[in-house]
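What follows is a set of notes on a single structure, which appears directly below.
The values are calculated or read from the model by the stated rules, or taken from the named source; none is laboratory data. All figures in this text were calculated on a predicted structure; none of them were measured in a lab. Every residue, glycine as well, gets a Cβ built from its backbone with ideal geometry; the counts of neighbours run over all protein chains shown. Side chains included, ligands, DNA and RNA excluded: accessible areas come from the protein's heavy atoms. Shrake-Rupley method; radii C 1.70, N 1.55, O 1.52, S 1.80 Å.
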Amino acid sequence: MATPLITATQCFVPKPKEEEKQVEETYKRYRQLIVPTLPRQKGWMSEHLYMHQDYWFETTIVEGVMYLQEHFKPRPADVLLATAPKCGTTWLKGLIFSIINRTCYNASAKDHPLLTAGVHECMPFLEVHLFTDLPIGDTEILSSPRLLSTHVPYAMLPESARGPNGCRIVHMWRNPRDAFVSFWHFVTGWRRKAQLSELSLCEAFDLFSQGVSPYGPFWDQILGYWKASQEYPDKVLFLKYEDMKRDPKHLVKKLAEFLGQPVTVEEEERGVVDEILALCSFESMSKAEVAEKGNFHGGRPSYKDFFRKGEVGDSKNLLTDDMIRRLEEITKVKFNGTGLEI
Ligand code: A3P
């Protein structure tokens, strides 16, 4: 069996003590000099959303994004999962981790790191888990290929992450209706735990429609990755949640190929793809041992909060016909002439 390429416990290692002062100064600069000058709107998960380079970010996340942009050093061997929130990130994290590490961690093992350590520890969010709040994580010490995740739009990634020599980027998007509804449920649970007043469905819908949602405008984020995938198909894989639900086997094979580790005939005959899909299924991940332990990055959101229904089309149970029509109109206008369709 090969040596594990990355282990769950490697994912969060604080920066060395001697760099602490400098990091502290950097965050102080963001917090005191930059963030207060940014346009702001009502926050979904914190007090405010701040507009930084045409996108909206929650209060502390905006600092994580700035740190990512200024200090994260991408490597061509990195695998970056870049998604809009609530588009199936958790599922894809599991799939990428288990595909890449399938020779060191058997997907049918009861003690697979995805089940024991949890998916977010195996593939942490840069701006959320590693670069928000001190101490921050040291990504430099991680061995390649680093498996990292972000919700940051393509245009805002460090230059060396983008283009023909950038890292391998996997993007997944989802029908805006379902993504919005999933997000609203997630935020409602978050606000309840944080003892914040409720963000009503109507208010959230208006903000979302105007592009004012965390990491939004939702459509612009997707279009950025869509265009990059057209320009650099070897570097940016563009997936859709609904396609993944319809034919997961096909997409796992496509993903494995993109990641440079195609599934062999022998593996397919041994049922490796089926094992990976079973390991990463909604059922398996939502009931993983780690679900009872909580989450690697504190209690909010908890591991369990990333699993709700995992279905396509649930938005019809909550949104009115008018709301659905409105989202369809916006999508039509935004995607017009791009070749991208719902
Ligand atoms: P719903 O709220 O519609 O159920 P993200 O991981 O980007 O935060 O997205 C969360 C959405 O993906 C939620 O959608 C969640 O239930 C769904 N999800 C999480 N794990 C999944 C899995 N293994 N398979 C399918 N869907 C999953």
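Worth a mention:
- FRET efficiency, 1/(1 + (r/R0)^6) with R0 35 Å, evaluated for GLU257 and LYS309 via beta carbons: 0.75
- Length available on full extension from SER108 to ASP133: 0.36 nm per residue minus the Cα-Cα distance, which gives 5.4 nm.
- Between SER286 and GLU47, full extension at 0.36 nm per residue minus the direct alpha carbon distance yields a gain of 83.1 nm.
- Bridging of LYS293 to aspartates and glutamates at a Cα separation below 15 Å is possible for ASP111, GLU121, ASP305, once same-chain residues fewer than 8 apart are set aside.
- Among the listed pairs LYS86/LYS235; LYS86/LYS245; LYS73/LYS254; LYS253/LYS304, those with a Cα-Cα distance over 18 Å are LYS86/LYS235; LYS73/LYS254; LYS253/LYS304.
- Approximate spin-label separation GLN22-GLU159, in nm, with each point projected 7 Å along Cα-to-Cβ: 2.1
- Sparse-neighbourhood loop sites, trypsin sites (Lys or Arg not before Pro) in region 80-188 - DSSP loop, at most 13 other Cβ within 10 angstrom: LYS110
- Per residue value of the accessible surface for the chain (all protein chains in place, 1.4 Å probe), Å²: 45
- Full extension of the chain segment joining LEU33 with ARG192 gains 54.1 nm, where the gain is 0.36 nm per residue of separation less the Cα-Cα distance.
- For q = 0.10 Å⁻¹, Debye-computed log10 I/I(0) when each Cα of region 1-149 counts as one equal scatterer: -0.40
- In terms of its C-alpha gyration tensor, region 47-98 comes out oblate, because a/c is 1.5 or above while a/b does not outweigh b/c.
- Distant-in-sequence amide contacts of LYS240, defined by a placed amide H-H separation under 5 Å and a gap of 5 or more residues or a different chain, comprise TRP173.
- Each of GLU231 and ASP206 was given a label point 7 Å from its Cα along the Cα-to-Cβ line. The distance between the two points is 3.7 nm.
- Long-range amide H partners of GLY163 with built H, under 5 Å: none
- Counting all C-alpha pairs of the chain, share separated by more than 38 Å (%): 11
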